[in-house]
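What follows is a single structure, written as structure tokens, with notes after it.
Rule-based calculations on the coordinates, nothing more; no lab input. What you see is a predicted model; the values in this text were computed from it and never measured. A quick note on method: Cβ atoms are made from the backbone with ideal geometry, for glycine too, and the neighbour counts reach across all protein chains shown.
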Amino acid sequence: MKNEPLIIKKRGEDGNRIISVRIREETLTALDKLAAETNYSRNELINLILAHGLDNIEIQ
């Protein structure tokens, strides 16, 4: 078996940024329920929902 190198990128060099946001308790509860039902992490769901919203937003 060939030894292949383990490549580790420095944090922050994966195209993601860490931010803080305030979120309503009801929204967080619903998000956590959805995470439990779908086996997605809260972070994965937030990114999916934000990407969908940005792709489909209509400003009038």
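Using only the Cα atoms, what convex hull volume per residue in Å³ does the chain have? Walk me through the intermediate numbers first.
Working: hull volume 10.5 nm³, N = 60.
Roughly 175 Å³ of hull volume per residue.
Please give the charge dipole size of the chain, origin at the Cα centre, charges +1 on K and R Cβ atoms and -1 on D and E Cβ atoms. Round to the nearest 20 debye.
Details: 9 positive and 10 negative charges, 75 e Å.
Charge dipole of the chain: 360 debye, to the nearest 20.
State the answer as a single residue: which of 21, 53, 40 lies farthest towards the positive end of the charge dipole of the chain, with beta carbon charges of +1 for Lys and Arg and -1 for Asp and Glu, about the Cα centre.
21
Go ahead and estimate [θ] at 222 nm for the chain from helices alone: -39,500 (n - 2.57) per DSSP H run with n ≥ 4, summed, over the residue count, rounded to 500.
Helix-only estimate at 222 nm: -15500 deg cm²/dmol.
What is the extension gain from residue 18 to residue 38, computed as 0.36 nm multiplied by their sequence separation minus the C-alpha to C-alpha distance, in nm to one decimal? Don't jump to the answer; show the numbers that get you there.
Numbers: separation 20, 0.36 × 20 = 7.20 nm, distance 2.33 nm.
Going from the current span to full extension adds 4.9 nm.
Stretched out fully, how many nm does the piece from residue 11 to residue 48 gain, at 0.36 nm a residue minus the Cα gap? Walk me through the numbers on the way to the answer.
On the way: separation 37, 0.36 × 37 = 13.32 nm, distance 2.10 nm.
Taking 0.36 nm per residue and subtracting the Cα distance, the gain is 11.2 nm.
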